[in-house]
Number of protein chains: 2
Amino acid sequence: MNLDFKYNSDGLIPAIVQQRGRVLMMAWMNRESLRKTLETGVMHYWSRSRQKLWLKGETSGHTQKVSAWFVDCDKDALLFEVEQESGACHTGYGSCFFQPLDRQGEPLKITEEKLFDPEAVYK
Amino acid sequence: MNLDFKYNSDGLIPAIVQQRGRVLMMAWMNRESLRKTLETGVMHYWSRSRQKLWLKGETSGHTQKVSAWFVDCDKDALLFEVEQESGACHTGYGSCFFQPLDRQGEPLKITEEKLFDPEAVYK
């Protein structure tokens, strides 16, 4: 397996995840999580807060099946096209980027609806 | 201006840039580049290689006009919707993520065509 990308000083590379033209989230991968992702076909990350391998959806069931992936021109960022089970965000929204901002950096009205109730999912 | 996001230990936050559902690139911003972006309406980054403020398109003319922007649930990543002049990638492609990979991490055939000749633009 060829995983020779440019990882940062912590051994991590950013992974942008999209579904049908919508960016769902950005998270970090190390070589192990990338290998796991390619072997299993579902997204695995490195959790920086928990300092461990993280199968996305391991608690919620909201897994992400990889359909295609790309590396950028500098080999220091990855882009994954996925099929997302339910919503990607732990808050219940489809995308973690649900909060629009105005030109002053102040929050605008959130226009999308939650896809699930996080209290029911992460109980 | 409210720029109170979670910057990393270098004072940087990742910025994902998309146009009409296509991810064009990922780069890094500091507070100064974010302020410049919001004040001018065109994307400014922090160049980690050159360690300076970077107006995207300052050499090539391939600027990115901001139409909307979003912060993620953790406040540690930003997403910008832009109108890209010509192509985003310095190689001539529309997106920096032009290289698809297979399940072994090996490059697949690039299916898109270059939008400009980098030798003519960056002469």
Sort shortest first the distances from A:Asp76 to its counterpart in every other copy, using label points 7 Å along the Cα-to-beta-carbon line, and give them in nm. 1.9
Mind checking the dipole of chain A: about its Cα centre, +1 per Lys or Arg Cβ, -1 per Asp or Glu Cβ, Debye to the nearest 20? 200
What average count of beta carbons from other chains do you get within 10 Å of the Cβ of residues in A:82-93? 1
Across the identical copies, how the A:Ala120 labels are spaced - nm, sorted shortest first, 7 Å along Cα→Cβ: 5.7
27 Å Cα cut-off, lysine pairs counted over chain A (separation 8 or more, or different chains): 21
Copy-to-copy spacing for A:Arg31, label 7 Å out on the Cα-to-C-beta vector, in nm, shortest first? 3.8
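Loop by DSSP (not H, G, I, E, B), at most 13 other beta-carbon atoms within 10 Å: where is the longest site-free stretch of chain A for GluC sites (Glu not before Pro)? All intermediate terms of the calculation are to be shown ahead of the outcome.
Numbers: sites that count: A:Glu58, A:Glu112, A:Glu113.
Between the exposed loop sites, the longest stretch runs A:1-57.
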If I take the rotation axis that carries chain B onto chain A, which residue of chain B has the nearest beta-carbon, and at how many angstrom? B:Gly21, 1
Quick calc: nm separation of the 7 Å Cα→Cβ label points for B:Ser9 and A:Asp76 -> 1.7
Among B:Trp54, B:Leu38, A:Met26 the positive-end extreme of the charge dipole of the protein assembly as shown (Cβ point charges): B:Trp54
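Please work out the FRET efficiency for the pair A:Lys123 and B:Met1, using the Cβ-Cβ distance as r and a Förster radius of 35 Å; give the result to the nearest 0.05.
Working: r = 39 Å, r/R0 = 1.11.
With a Förster radius of 35 Å, E is 0.35.
Based on DSSP H runs of at least 4 residues, each adding -39500 (n - 2.57), what is the mean residue ellipticity at 222 nm of chain B after dividing by all its residues, to the nearest 500 deg cm²/dmol? Walk me through the intermediate numbers first.
Values: 2 runs with 14 residues, N = 123.
After summing the helix terms and dividing by residue count, I get -3000 deg cm²/dmol.
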In degrees, nearest 10, the alpha-carbon axis of helix A:31-40 is tilted away from the dominant principal axis of the alpha carbons of chain A by 80
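Since every read-out is calculated from the coordinates, none of them should be taken as a lab result. Computed from a predicted model, the values in this text were never measured in an experiment. Because the Cβ atoms are built from the backbone with ideal geometry, glycine has one as well, and the counts that use them run over all protein chains shown.
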